[in-house]
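The values are calculated or read from the model by the stated rules, or taken from the named source; none is laboratory data. Values in this document were obtained by computation on a predicted structure and should not be read as measured data. Heavy atoms of the whole protein, side chains included, go into the accessibility calculation; ligands, DNA and RNA do not. Shrake-Rupley method; radii C 1.70, N 1.55, O 1.52, S 1.80 Å.
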Amino acid sequence: MTAPAVIDTRAVGRTYEAVSGPVHALDQVSFGVRAGELVAVVGPSGSGKSTLLNILGLLDRPSAGTYLLDGVDTADLREKERTRLRAQRIGFVFQAFHLVAHKPAGVNVALPLVYNRAPRHARRRVAEQALARVGMGHRVDALPHTLSGGEKQRVAIARATVHRPSLLLCDEPTGNLDTESTGMVMGHLAQLAADGLAVVVVTHDPTVADRADRVLRVRDGRLDAAGEA
Ligand code: ADP
């Protein structure tokens with residue numbers, strides 16, 4: 001049985017109105033990502049990767065085309081519904097981790113459960129389970145400054161997946177990591193994908209792209225013929 005499409009973009013375009021005139025940051029971008037897939041997005045600076053991530057993360061709207069998330073046409077949604085869909089279905093991982101410095105790992109990881117109004121008594125247990133999935137179950141009480149870069153990113157991945165989203169969007173997740181930590185983080189992302197998550201990773205690192213099931217190449221706002229890795 002084919003896994004369901006989590007991302008389905010059809011001829012998506014995004015034009016910014018700059019002082020110097022319109023900037024066509026994305027043009028006719030059509031692709032899908034299914035549950036269970038790990039997809040890398042690569043391309044030179046200015047090619048449109050951030051614009052694409054913002055649209056996929058429901059932080060921005062296309063100026064043309066259609067974006068369906070889990071089969072829902074996102075153009076039909078009001079801002080409040082988009083916010084709810086984002087909180088429920090999407091997790092974000094950033095290059096700089098963005099952990100709350102004075103909160104232990106477990107509390108950081110539980111934050112999306114607060115936004116999703118999970119019962120208070122269940123939060124710590126669910127956060128511990130998410131940490132355990134990335135091999136960090138024993139560090140639930142650790143403050144971020146006591147963790148290595150790779151460990152911080154594993155906590156950030158636990159936080160981004162604690163509410164069991166369908167889509168994980170990662171923006172240069174290994175940009176601050178050494179080779180060993182990069183390998184470990186990519187191993188966890190691959191495992192999460194194997195367990196049914198759709199994972200999209202924007203990266204400059206060819207070794208990261210090598211770990212993906214597919215590589216999407218963006219150039220001047222367009223996708224090169226979607227290459228199979
Ligand atoms: P990348 O993430 O691949 O570096 P971006 O998505 O940031 O690319 O940018 C794509 C293009 O859109 C670039 O030409 C950039 O200058 C332009 N751009 C991005 N954001 C804006 C904006 N808010 N206003 C005008 N132009 C923008």
Handout entry: the chain: DSSP helices with Cα axial extent of at least 30 Å and average Kyte-Doolittle hydropathy no lower than -0.5
Key = none
Completion exercise
Highest GNM mean-square fluctuation among Ala25, Ala64, Ala101, for the chain with Cα springs under 10 Å, belongs to Ala101
Practice task
Bin all alpha-carbon pair distances of the range 149-195 at 10 Å intervals from 0 and give each bin's fraction as a whole percent.
Solution key: 26, 61, 13
Exercise for the section: Take the chain, connect every pair of alpha-carbon atoms lying under 10 Å apart with a spring to form a Gaussian network, then pick out the residue of Val215, Val155, Val199 with the largest mean-square fluctuation. Expected result: Val215
Handout entry: Residues of type lysines that Lys152 reaches as a straight line, Cα spacing below 28 Å, ignoring anything fewer than 8 places off in the same chain
Key = Lys49, Lys103
Fill in the blank from the handout: Taking only the Cα positions of the range 171-215, the convex hull volume per residue in Å³ is 64 Å³
Problem - Solvent-accessible area of Glu151 with every protein chain in place, 1.4 Å probe, in Å² to the nearest 10 - result: 40 Å²
Exercise for the section: Return, for the Cα atoms of the range 154-229, the radius of gyration and Dmax in Å, separated by a comma. Expected result: 12.7, 35
Fill in the blank from the handout: With Cα springs under 10 Å, the Gaussian network model of the chain assigns the largest mean-square fluctuation among Gly196, Gly21, Gly149 to Gly21
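In the chain, what is the volume of the convex hull around the alpha carbon atoms, normalised per residue and reported in Å³?
It is 136 Å³ per residue.
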Exercise for the section: With the full set of protein chains in place, find how many percent of the accessible area of the range 45-179 is carbon and sulfur; take the probe as 1.4 Å. Expected result: 51 percent
